[in-house]
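Q: The structure's right below; bear with me while I get my questions together.
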Amino acid sequence: MAERFDVGVVGAGYVGLVTGACMAHIGHTVTCVDKNEGRIENLKRGKLPIYEPQLGEMIARNRKRIRFSTELHPLVREADIVFIAVDTPPGDDGAADLSNVAAVARGIGRSLSEVERERPLIVVNKSTVPVGSGDYVSMLIQEGAEEGPNGEVSYRVVSNPEFLREGSAVYDSLFPDRIVLGAEDREALHTMRELYRPIIEQSFATELDPRPTVAVPFVTTDLASAEMIKYAANAFLATKISFANEIANICERVGADVKSVTAGIGLDHRIGPRFLDAGIGWGGSCFPKDVRALMATAREHEYEPAILAAAVSVNERQRRLVITKLQRDLHTLKGKRVALLGLSFKPNTDDLREAPSLSIARILESRGARVVGYDPVAGKRAAALMPEMKVVFDPYEALKGANAAVLVTEWEELRNLDLERAATLMARPRLLVDGRNAIEPAAARAAGLIYQGFGRE
Ligand SMILES: NC(=O)c1ccc[n+]([C@@H]2O[C@H](COP(=O)([O-])OP(=O)(O)OC[C@H]3O[C@@H](n4cnc5c(N)ncnc54)[C@H](O)[C@@H]3O)[C@@H](O)[C@H]2O)c1
């Protein structure tokens with residue numbers, strides 16, 4: 001029988017809520033804390049602050065083991081393990097802004113100095129933080145403790161980077177490719193292995209599938225290496241996409257089809273088929289910020305990260321390429337109506353952080369085009385962020401009278417767009433720029449659309 005723990009999670013966002021729900025699902029008792037009172041009030045009433053498939057059901061099903069609160073202190077008194085899962089947005093210089101992590105660490109230190117505990121509190125860094133942050137968190141906990149009545153406090157800091165993907169976050173948390181743990185303390189590592197045992201052994205009940213049939217690898221290392229694993233993984237994936245885009249741009253010039261090329265190279269086990277999709281490029285809350293943060297860390301140590309810089313520059317070029325492709329057939333953008341299909345940074349999420357749709361919309365608006373956006377779930381959020389863009393709630397309404405459409409986010413319903421209906425609704429020249437190479441060019445052309453993909457005829 002696996003051991004049950006009292007788990008605290010600070011930060012009730014994409015990572016914190018999913019972590020909390022999954023920890024409750026595998027049998028632990030969970031308290032989720034957030035400083036945002038409205039968010040906590042809504043969660044208490046069963047209202048989710050984010051769109052994430054399966055998360056609502058998961059919380060509802062395990063509700064008796066999950067509490068929501070705005071108070072850190074009771075959590076520090078009662079929990080065996082506290083996850084820090086607050087946001088670490090990019091600062092002006094590209095480096096990760098650790099002020100939220102710092103506030104939580106100091107708060108934990110202060111609370112620790114006011115309570116009696118039998119065992120050291122395990123403080124787990126799940127937020128993506130630069131190499132060396134484990135020691136920084138330790139220092140801040142200590143500083144916080146010194147402000148309280150009892151400066152002597154007992155805790156262990158552990159790094160446990162998160163690899164979930166928005167849109168399949170619950171699945172990824174229950175069935176991860178690996179769990180990475182960094183710590184200097186063997187006992188803390190042992191406790192973390194016990195905490196994760198139901199996931200490592202895949203012994204919990206679930207209807208989700210496919211589930212792994214072998215044990216989930218539990219990778220233990222030092223703090224700095226665990227922190228680096230997260231950045232290196234995201235930097236590699238972003239670079240892989242930029243590489244595919246580089247190949248796509250060359251394909252376009254020599255008359256090759258990048259879809260065939262990436263399918264051909266992806267069959268090589270050393271390369272693999274995933275993250276080779278050419279198109280608008282990468283965005284979202286993690287890749288841009290993490291690549292920039294890793295570059296900032298490298299430069300702090302007087303190392304110029306040439307490959308990462310090239311990956312970023314190719315990615316920026318892909319955004320501009322959308323505009324070039326629109327101009328090729330629309331000539332001037334002034335007075336043209338352009339429909340943006342899909343606004344979230346990827347399908348199955350409402351997250352608009354660093355979404356390509358927003359930067360493309362801004363460029364189009366600045367060049368005098370009228371932009372109409374549609375997204376199955378992120379429409380309202382997008383309208384609040386970009387009041388200049390007209391947001392509608394039906395893809396065909398967005399297409400009505402549009403001279404061009406850009407498929408920005410490959411939601412399933414947009415992959416399966418009724419192309420003939422689209423062509424009937426659109427105005428000349430009826431251009432479709434397929435930013436994700438998600439639509440069959442021949443089908444689009446047969447429907448009467450001008451089709452432009454990336455790296456394919
Ligand atoms: N979103 C992802 O796909 C993903 C994946 C892997 C790792 N990460 C990393 O995980 C971390 C969290 O990301 P996220 O997307 O869940 O962020 P988020 O913005 O969705 O959620 C962060 C939450 O933390 C809360 N918060 C901030 N400061 C706080 C404080 N002092 N006390 C209590 N609550 C506080 C905010 O109110 C917010 O609700 C980041 O470091 C991110 O890089 C994110």
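Q: Computed FRET efficiency, Cβ-Cβ of Gln327 and Arg299, R0 35 Å: what is it to the nearest 0.05?
A: E(calc), rounded to 0.05, equals 0.50.
Q: So, one more: Taking the number of other C-beta atoms within 10 Å as the exposure measure, put Met386, Met139 in order starting with the fewest.
A: Arranged by neighbour count, lowest to highest, Met386, Met139 become Met139, Met386.
Q: As an exercise, take the mean of 1/r over every pair of distinct alpha carbons in the range 261-316, invert it, and state the Kirkwood radius in angstroms.
A: Radius from the Kirkwood sum: 13.0 Å.
Q: Give me the percent relative contact order of the chain, please, defined on Cα pairs under 8 angstrom at least 6 residues apart.
A: RCO, the chain: 12 percent.
Q: What is the percent of Cα-Cα separations in the range 1-114 that go past 20 Å?
A: Of all Cα-Cα pairs in the range 1-114, 40 percent lie more than 20 Å apart.
Q: Over the C-alpha atoms of the range 355-415, what are the Rg and the largest Cα-to-Cα span, Dmax, in Å?
A: Looking at the range 355-415, its Cα Rg and Dmax stand at 10.8, 30 Å.
Q: If you filter the range 1-97 for GluC sites (Glu not before Pro), then keep DSSP loop positions with at most 14 other Cβ within 10 Å, what is left?
A: Hits after loop and neighbour filter: Glu3, Glu71.
Q: Here is a further query. Choose one of Ala443, Phe5, Ala248: the residue whose Cα lies farthest towards the positive end of the charge dipole of the chain (beta-carbon charges +1 Lys, Arg; -1 Asp, Glu; about the Cα centre).
A: Ala443
Q: Something else: Counting other C-beta atoms within 10 Å, which of Tyr14, Tyr51 has the fewest, and how do the rest follow?
A: In order of increasing Cβ crowding within 10 Å: Tyr51, Tyr14.
Q: Pairs of Cα atoms under 8 Å, at least six residues apart: use those to get the relative contact order of the range 343-418, whole percent.
A: RCO, the range 343-418: 32 percent.
Q: As a test of the formula, what do you get for the chain when each DSSP H run with n ≥ 4 contributes -39,500 (n - 2.57) and the sum is divided by the residue count, at 222 nm and rounded to the nearest 500 deg cm²/dmol?
A: -13500 deg cm²/dmol
Q: Can you pull the Rg over Rh of the chain, Cα-only, Kirkwood?
A: Checking Rg against Rh, the ratio lands at 1.01.
Q: Then there is this: Report the normalised scattering of the range 287-452 as log10 I(q)/I(0) at q = 0.12, 0.15 Å⁻¹, calculated by the Debye formula with identical scatterers on the alpha carbons.
A: Those come out to -0.54, -0.79, one per q.
Q: Something else about it: List His269, His73, His25, His190 from most exposed to least, where exposure is judged by having the fewest other Cβ atoms within 10 Å.
A: Ordered from fewest to most neighbouring Cβ atoms within 10 Å, His269, His73, His25, His190 come out as His269, His190, His73, His25.
A short reminder: the numbers here are calculations on the coordinates, not readings from a lab. From a predicted model like this one, the values you see are computed outputs, not experimental measurements. Cβ atoms come from the backbone with ideal geometry, glycine included; neighbour counts cover every protein chain shown.
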